[in-house]
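Novice: Attaching a single structure in structure tokens format; questions to follow.
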Amino acid sequence: MPSGLVALLDDVAAIAKLAAASVDDVAAASMKASSKAVGVVVDDAAVTPKYVSGLTPARELPIIWRIAKGSLRNKLLFLLPAALLLSAFVPWTITPILMLGGLYLAFEGAEKILGSLLGHHAADDEAAVGDQTPEQLENSKVAGAVRTDLILSAEIMAIALAEVSDQTILTQAAALVAVSLLITAGVYGVVGLIVKMDDIGLHLAQRESAVTQRIGRGMVAAMPVVLGAIARIGTVAMLWVGGGILVHGLEQFHLTPIPHIAEAVAAWFAGVLSFAPGVGHWFGFALASAVVGLVAGGVLALIVPRVIALFGKGTAH
């Protein structure tokens, strides 16, 4: 009996050690995967604030909360199972699917830039907004943000999965869940802080301290400019994220010279910014990716409306 009890305690201790080791593996895998996805997180945070521009300030945080829930739904209900299944059975399909998503992002970003430069969509957008109730406008903004988040989240999950591909399926799943929760909380927490910065400034402007009041008034005055800049950064981010996905996909399929050119541009900027080569390399690659995204998305933005019009005429006849 004592020996049986000792054996049982040994088994429990062994299971506890195994569980602890598993937790350590998940934590290490999650941190490794999250660090590799930081670039996309920055892009995600830059893209999202534009979806709350032009809406009632009182609805900003509720809208961000709705988008955050949609983002978690994207990651946990759709992308996580799909990533694990694709990784297990048809891993070669992941890159083409990501490239299609990259094309979509590049198309959306290029279409906005071309529409702004040519003035083709401004009147249509104003008319569309004018025809919508506040509830319909909010729902359309949320739906657009969640669609864009699906592409960005897909890249985050793919990057994270690549970093933990040598782990067991359970560790992969646990790491991806941890990455999903951490990144969603981080991105939308920052976005919420950004869009409510004017309210924080207004609160500071009502304090007794003259210095605090000046800081608050400065924050309130600066926020329209900041939000406008973030909206433009969000559009550009679509181009560099989409273009970056395309460049990485071409590199994986050994289709040059575009990946080589992008890497050469990144290396040149790293050399110019020798005091911060990492920043230079990132900026150079982002710039090259944005050009690729603008070209690819611009071609699609010119072709897609004509194809839609052509099919529309065919349907009409």
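Novice: Starting from one equal scatterer on each C-alpha and no solvent at all, send me the Debye-based log10 I(q)/I(0) for the range 173-287 at q = 0.17, 0.22 Å⁻¹, two decimals.
Specialist: The calculated log intensity ratios at q = 0.17, 0.22 Å⁻¹ are -1.00, -1.10.
Novice: If each residue of separation counts as 0.36 nm, what is the full-extension length gain between residue 303 and residue 82 once their alpha-carbon separation is subtracted?
Specialist: Full-extension gain reported as 76.5 nm.
Novice: Give the whole-number value, in cubic angstrom per residue, of the convex hull volume spanned by the C-alpha atoms of the range 228-306.
Specialist: 97
Novice: Under a point spin-label approximation (7 Å from Cα along Cα-to-Cβ), what is the residue 135-residue 287 distance to one decimal in nm?
Specialist: 5.0
Novice: For the range 113-244, what mean projected area does the convex hull of the alpha carbons give, in nm²?
Specialist: Projected over every direction and averaged, the Cα hull of the range 113-244 covers 12.0 nm².
Novice: Compute the FRET efficiency between residue 232 and residue 199 as 1/(1 + (r/R0)^6), taking r as their Cβ-Cβ distance and R0 = 22 Å, and round to the nearest 0.05.
Specialist: 0.50
Every number in this text was worked out from the coordinates using simple rules, so none of it is lab data. Owing to the predicted nature of the structure, the values given are computational and were not obtained by experimental measurement. A quick note on method: Cβ atoms are made from the backbone with ideal geometry, for glycine too, and the neighbour counts reach across all protein chains shown.
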